[in-house]
1. Keeping to region 15-43, report how many residues are in a loop (DSSP other than H, G, I, E, B) and either of a type in the set (F, W, Y) or surrounded by 11 or more Cβ atoms within 10 Å (Cβ to Cβ) (or both).
2. Go over the candidates D22, D40, D9 one by one and state the one that is at pLDDT below 75 and of a type in the set (D, E, K, R).
Amino acid sequence: MREQEVKYDCDRYRHLLAEAVDEGKRLALIELLIKEKARDQLAAHEARMTTEAIARVLGTPRKAA
């Protein structure tokens, strides 16, 4: 399984699931899903931090999440 940009591609995951015919391939798919979700969370965190930094520089009050 190859690494790709951070985004969910249902068709790609459906294809990978269809190919996961043994335990090793199923575990590799699970690992990939976990890894990509972690990347999404990191990207979201970085976006929040950037937004907060820009708000501080501009003096704009930050909205509560």
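1. 1
2. Sole residue among the options that is at pLDDT below 75 and of a type in the set (D, E, K, R): D9.
The values are calculated or read from the model by the stated rules, or taken from the named source; none is laboratory data. In this text, all values refer to a predicted model and were calculated from it rather than measured experimentally. In this analysis, Cβ positions are derived from the backbone assuming ideal geometry, glycine residues included, and neighbour counts consider all displayed protein chains.
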